[in-house]
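Input: a single structure, listed below in structure tokens.
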Amino acid sequence: MCGHRPPIAYPVAMDTTTPNPPVALVIHGGAGVIERDRLGADDEREIRAGLDAALDAGQAVLVRGGSALDAVEAAVRALEDSPRFNAGHGAVYDAEGRHELDASVMEGHTRRAGAVAGVTTIRNPVSLARAVMEHSPHVMLIGAGAEAFADTRDDIAREPNAYFDTPHRRAELEQAQARERADADAAENLKGKYFGTVGAVALDAQGHIATATSTGGMTNKRWGRVGDTPLVGAGTWADGRCGVSGTGWGEFFIRCAVAHDIAARVAYRGDSLQAAAEAVILDAVPGLGGDGGAIALDRDGNIAMVFNTSGMYRGWVRPDGSRGTAIFGEA
Ligand code: ASP
């Protein structure tokens with residue numbers, strides 16, 4: 001007897017109807033007083049080109065299925081290598097006319113973190129922060145100890161401190177020191193007198209989030225000053241839900257635990273990422289007298305870019321692949 005056989009189902013080699021898991025990336029190149037009429041067309045072009053190069057570097061990692069951690073490191077290294085931003089080459093000067101650099105990374109799904117502060121010969125501090133996370137038992141190394149740790153690693157490029165010099169940052173130091181000589185009180189008010197710190201948050205195809213932040217700190221800083229950038233929870237945060245990178249007057253970002261507070265509002269209150277970022281950046285930080293901005297990204301690919309200064313250099317790649325850069329209050 002001849003039964004009715006169901007049609008044979010051949011395995012489908014590739015399902016082209018299922019989209020790739022969404023990936024996303026958001027970066028910043030610092031918040032601060034950026035005046036539209038004083039930013040020349042050439043400056044703007046170079047800054048946008050720097051942001052685009054960082055987006056290219058991070059996006060390339062994500063679209064080939066790489067990790068969020070690799071993506072944020074790649075994006076931040078590109079920004080550190082550009083003289084236009086206050087991180088790596090182009091970092092601000094401290095009061096002694098040298099550069100002391102801070103950076104951190106955090107991986108959300110493992111909650112691993114690494115940070116360095118006050119390093120002086122590390123070409124890409126973000127990569128040393130990652131090495132601390134992956135190859136030491138510690139989270140944060142500072143100054144001479146961080147340099148000694150770097151000595152143990154072949155993969156960490158070194159430079160003389162003068163490599164970080166740029167004429168425009170030298171001019172900023174001279175202006176800050178002249179202001180300080182003229183009026184000691186003015187030197188205490190650092191509102192808006194910084195910008196160019198860099199950061200990135202990425203969501204990879206596995207649904208993992210990572211954050212990285214890197215800076216030269218604030219012009220004319222003294223006494224081994226460390227800001228929020230290398231402090232996990234202040235300038236950088238990542239967990240299973242979202243990642244945050246901050247930029248602004250670091251003392252206030254530390255006192256407000258900015259990056260963790262944004263993530264905690266999402267976790268404990270169920271706030272949207274945008275609402276959480278606005279509460280912290282538009283209320284908490286200025287409420288204490290500080291200023292600055294933050295970028296944030298959640299596991300659904302939502303992006304928030306919030307600042308209470310006149311501008312924040314920023315760029316993004318959304319889960320739908322749309323991409324852009326912005327400086328002032330435009331979208
Ligand atoms: N937050 C950095 C610091 O205080 C400065 C900046 O964001 O530009 O070191």
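The values are calculated or read from the model by the stated rules, or taken from the named source; none is laboratory data. Note that the structure is predicted; figures quoted are calculated from it, not measured. Note that we place each Cβ from the backbone using ideal geometry, even for glycine, and neighbour counts take in every protein chain shown. Just so you know, the surface numbers come from the protein's heavy atoms only, side chains and all, with ligands and any DNA or RNA stripped out. Shrake-Rupley method; radii C 1.70, N 1.55, O 1.52, S 1.80 Å.
Scanning region 20-37 for residues that are under 19 Å from A200 (Cβ atoms), of a type in the set (A, V, I, L, M) and touching a Phe, Trp or Tyr at 6+ places or on another chain (Cβ under 9 Å) returns A24, L25, V26, I27, A31.
Residues of region 18-40 that are assigned to a loop (DSSP other than H, G, I, E, B) and in contact with a helix residue (DSSP H, G or I) (Cβ under 7 Å, 6 or more places away or on another chain): V23 alone. Scanning region 101-121 for residues that are surrounded by fewer than 21 Cβ atoms within 10 Å (Cβ to Cβ) and not in a strand (DSSP E or B) yields a total of 5. Could you say whether any residue in region 164-183 is open to solvent by less than 10 Å² (accessible area, probe 1.4 Å), at pLDDT 95 or above and near the ligand (Cβ under 10 Å from one of its atoms)? No: region 164-183 contains no residue that is open to solvent by less than 10 Å² (accessible area, probe 1.4 Å), at pLDDT 95 or above and near the ligand (Cβ under 10 Å from one of its atoms). Can you name the residue in region 41-84 that is under 14 Å from R123 (Cα atoms) and not in a helix (DSSP H, G or I) and is also least open to solvent (accessible area, probe 1.4 Å) among such residues? This residue is S82. Scanning region 239-272 for residues that are more than 16 Å from the ligand (Cβ to nearest atom), open to solvent by 10 Å² or more (accessible area, probe 1.4 Å) and in a helix (DSSP H, G or I) turns up A264, R265, V266, A267, Y268, R269.
When V132, V126 are checked against the criterion of being out of contact with any Leu (no Cβ under 8 Å at 6 or more places or on another chain), more than 16 Å from F195 (Cβ to Cβ) and not in a strand (DSSP E or B), a single residue qualifies: V126.
To keep it simple, each residue is scored yes or no on (1) modelled with pLDDT of 90 or more; (2) farther than 15 Å from G196 by Cα.
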residue: M1; (1), (2): no, yes
residue: D15; (1), (2): no, yes
residue: A24; (1), (2): yes, yes
residue: G29; (1), (2): yes, no
residue: E46; (1), (2): yes, no
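Would you check if there is a residue in region 296-308 being farther than 30 Å from R64 by Cβ, in a strand (DSSP E or B), open to solvent by 20 Å² or more (accessible area, probe 1.4 Å) and within 15 Å of the ligand (Cβ to nearest atom)? Checked region 296-308: at least one residue is farther than 30 Å from R64 by Cβ, in a strand (DSSP E or B), open to solvent by 20 Å² or more (accessible area, probe 1.4 Å) and within 15 Å of the ligand (Cβ to nearest atom).
The set of residues from region 309-331 being free of Cβ contacts under 8 Å to residues at least 40 places away in the same chain and either open to solvent by less than 40 Å² (accessible area, probe 1.4 Å) or not in a loop (DSSP other than H, G, I, E, B) (or both) comprises G324, A326.
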